[in-house]
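Report on the structure given below.
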Amino acid sequence: MPKTLTRLDYGRRIARAMALIAADPARPPSLEAMAEAAAFSPFHFHRLYREMTGETPAETLARERLSRAAAMLVREGLPVAQVAKRCGYGSAAAFTRAFRTAYGVPPAAYRDAGGIGTPLLPRTPEETGMFEVTIREEPALRLACLPHRGKYEAIGTVYDRLLAWAGARGLVTPEARCIALYHDDPVSVAEKDLRSDAGITVPPGTVGSEDVRIVELPPTRAASLLFKGPYAELEGAYTWLYREWLPGSGEEPADQPAREDYLNDPRSLPPSEWLTAVMIPLKERTA
């Protein structure tokens, strides 16, 4: 029991340091500030952080910066120099090198192409068959959820905190699924008011704490579209599903939030390989 309590305490403390990094990736906190937030000695902080999270603080910072940069490029179409400055890079050249290394293309090309993910809108009649929507039966799910308020692309920082919480409890297993819930339309609702939940499936008996709550989802029919590519490009999947597929499907959405099921680990793969199942819960069909 003492070892378990110590690990839980370490997880809480490291989560505070992760939140400090995520608060403003353009202005990274010092080693001393992170160590103070986690209440660890600066001499040991880096080792403890890496052992608890699987990455270094510098890797967390780089991931947060590039994720936000991708969203600014593909959703806002901002100039490269402006994105570089807003994300904390010393120059556009340094940003371009970092972005090309992670995403495989320079940021200007990424922005002009509208991203690198699987195309969602057909360009020729022959391509219309490539967009497959599957109706799947999702089982009842128990999620440990950490709420997020604000722009959806920032939910990655909330997942960092949630996984620190779950890891300290031995809940990050091969069977666990990371499923986020999205409650609002980002075009219709003010950015500051957008509601979402970072979630991970947990076994019976798991108890929430530290702002983590347990959410029970009932068995659900869902329309699922598999998307391959950066998370910053997922809004295009929703646009196609709601504009093109749903009106002609004969289906109606259920009174549940949209879901994103993250199918592989973004820390170990380049953004071009990230797989996400975008799901719209559907009403049960009546006879």
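The values are calculated or read from the model by the stated rules, or taken from the named source; none is laboratory data. Because the structure is predicted, anything quoted here is derived from the model rather than measured. Neighbour counts run over all protein chains shown; Cβ positions are idealised from the backbone, glycine included.
Some notes on this structure:
- Criterion: surrounded by 15 or more Cβ atoms within 10 Å (Cβ to Cβ) and either at pLDDT below 90 or touching a Gly at 6+ places or on another chain (Cβ under 8 Å) (or both) - qualifying residue of Pro253, Pro230: Pro230
- Qualifying residue in the stretch 76-84 (condition: touching a strand residue (DSSP E or B) at 6+ places or on another chain (Cβ under 6 Å), modelled with pLDDT under 90 and outside the structural domain of Val215 (by TED's automatic domain parsing)): no
- Residues located in the stretch 168-193, provided they are part of a loop (DSSP other than H, G, I, E, B) and more than 23 Å from Thr276 (Cα to Cα): Arg169, Gly170, Ser188, Val189, Ala190
- Residue count, the stretch 136-158 (criterion: under 23 Å from Arg7 (Cβ atoms) and either surrounded by fewer than 16 Cβ atoms within 10 Å (Cβ to Cβ) or at pLDDT 90 or above (or both)): 5
- If you check Pro79, Pro42, Pro29, Pro25 for being under 19 Å from Tyr10 (Cα atoms) and surrounded by 13 or more Cβ atoms within 10 Å (Cβ to Cβ), only one passes: Pro42.
- Gln256 meets each of the listed conditions (1) touching a Ser or Thr at 6+ places or on another chain (Cβ under 9 Å); (2) outside any loop (DSSP other than H, G, I, E, B); (3) under 21 Å from Arg149 (Cα atoms); (4) of a type outside the set (Val, Ile, Thr) apart from (2).
- Enumerated helices (runs of 4 or more DSSP H) restricted to the stretch 29-111, each holding at least 1 residues that are among the acidic types (Asp, Glu): 31-38, 42-53, 57-71
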